[in-house]
Amino acid sequence: VFKRFISVSAPCLFKGMASEWPACRLWDRGYLQHKLGDTKVSVALTPDGRADATQGEWFLTPDYVSLPFPQAMELVEGSRRGHRVGYLQGQNDCLRREFAALQEDIPVDIKGMSRVMTSAPDAINLWIGTSESSTSLHKDPYENLYAVIQGRKRFTLYPPSSYLLLYPKLFKRASFVYDVKLDTFQVEESSETIEWLEANPLDPEWESKWPLLRETKPVVVDVFPGDVLYLPALWFHQVEQESLTIAVNYWYDMHFGPNFAFVRFQQLLMQEIRKNPQLYAQLMF
Ligand SMILES: O=C(O)CCC(=O)C(=O)O
């Protein structure tokens with residue numbers, strides 16, 4: 001597996017690799033509540049369930065609120081697109097911090113993967129969300145082992161070579177701010193910019209909005225309870241979930257190999273293209 005997949009940064013699904021973890025047997029609502037009690041945890045709040053996503057010329061980040069676990073879960077389970085969507089998704093090693101009480105139910109390392117990845121996990125994160133939340137297309141500078149405990153996740157993956165076909169653009173940064181009293185969101189704009197991908201393969205009109213997507217060959221993979229997905233660093237991914245889904249992922253430092261050089265090359269090319277948009281048409285058609 002190391003030679004065929006991990007050493008060449010090719011995604012791979014390990015069916016049932018996590019099925020013996022105590023988490024897969026134990027983590028229902030009652031158990032989580034019992035273990036976590038009123039521990040404060042952070043929930044990402046957005047009006048439409050799309051955290052870290054683009055809208056027009058904006059890149060919008062969620063509001064993070066810190067709440068006792070039972071209230072946080074109520075927010076997640078009561079999510080409704082168009083009103084308010086809660087997603088428990090701290091990407092800061094939250095499983096070993098806020099959710100430390102759950103650590104004993106998962107391995108500190110997945111079947112010797114630290115040796116394969118050449119270092120211990122940099123972060124272990126917990127994700128709890130419903131079908132109302134999705135994660136927009138992006139890449140991470142981490143090797144990722146993603147285990148689903150309950151529910152189902154669908155990953156749409158694009159190799160690093162797809163970058164120029166995914167409509168990279170500069171967006172203005174803004175963040176949602178949730179007003180508890182009014183139960184509505186405001187948008188706080190900033191003057192900072194960020195490069196992000198505009199293409200949204202989940203948009204029903206994607207073919208007319210982003211025709212270059214037709215040239216890509218995404219890998220779509222469903223991850224079920226007990227499965228572990230190897231998601232290589234710098235692969236672009238978009239993630240949806242069905243019903244209440246609980247997942248844990250292990251992030252390992254990436255090595256700066258050919259994929260990094262290739263993405264960097266495409267980014268530098270994109271900078272030139274922004275100065276001379278003609279170049280895009282010449283390159284792509
Ligand atoms: O589960 C999700 O919603 C997103 C997961 C993700 O983007 C990641 O693990 O890098």
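FYI, it's all coordinate maths here, none of it is from the lab. Since we're looking at a predicted model, the values are computed, not measured. Neighbour counts run over all protein chains shown; Cβ positions are idealised from the backbone, glycine included.
For this structure, a couple of remarks:
- Anchor Lys153: lysines whose Cα lies under 21 Å away (excluding residues fewer than 8 positions away in-chain): Lys15, Lys139, Lys217
- Highest GNM mean-square fluctuation among Leu202, Leu231, Leu145, for the chain modelled with Cα contacts below 10 Å: Leu202.
- Ser161/Gln103 FRET efficiency (R0 41 Å; Cβ-Cβ; nearest 0.05): 0.65
- Relative contact order (%) - criterion: Cα under 8 Å, at least six apart; region: the chain: 27
- Cα-only Debye scattering, segment 200-283: base-10 log of I(q)/I(0) at q = 0.27 Å⁻¹: -1.35
- Gain on full extension, evaluated as 0.36 nm per residue between Val187 and Glu272 minus their Cα-Cα distance, stands at 27.4 nm.
- GNM flexibility winner over the chain from Leu182, Leu26, Leu95 (Cα, springs under 10 Å): Leu182
- Contour minus Cα-Cα distance for Phe2 and Ser119 (0.36 nm per residue): 40.6 nm
- Residue exposure proxy: Ser175, Ser19, ordered by other Cβ atoms within 10 angstrom of their Cβ from fewest to most, comes out as Ser19, Ser175.
- Max mean-square fluctuation residue, GNM over the chain, Cα-Cα springs under 10 Å, options Tyr163, Tyr31, Tyr87: Tyr31
- Cα point-scatterer Debye curve for segment 1-136, base-10 log of I(q)/I(0) at q = 0.19 Å⁻¹: -1.17
- Lys, Arg +1 and Asp, Glu -1 on Cβ, resulting dipole of the chain about Cα centre, debye, nearest 20: 680
- For Lys181, the aspartates and glutamates whose Cα comes closer than 16 Å to its Cα, not counting residues fewer than 8 places off in the same chain, are Asp63.
- Residue-span extension gain [Gln71 to Glu195] - 0.36 nm each, minus C-alpha spacing: 41.2 nm
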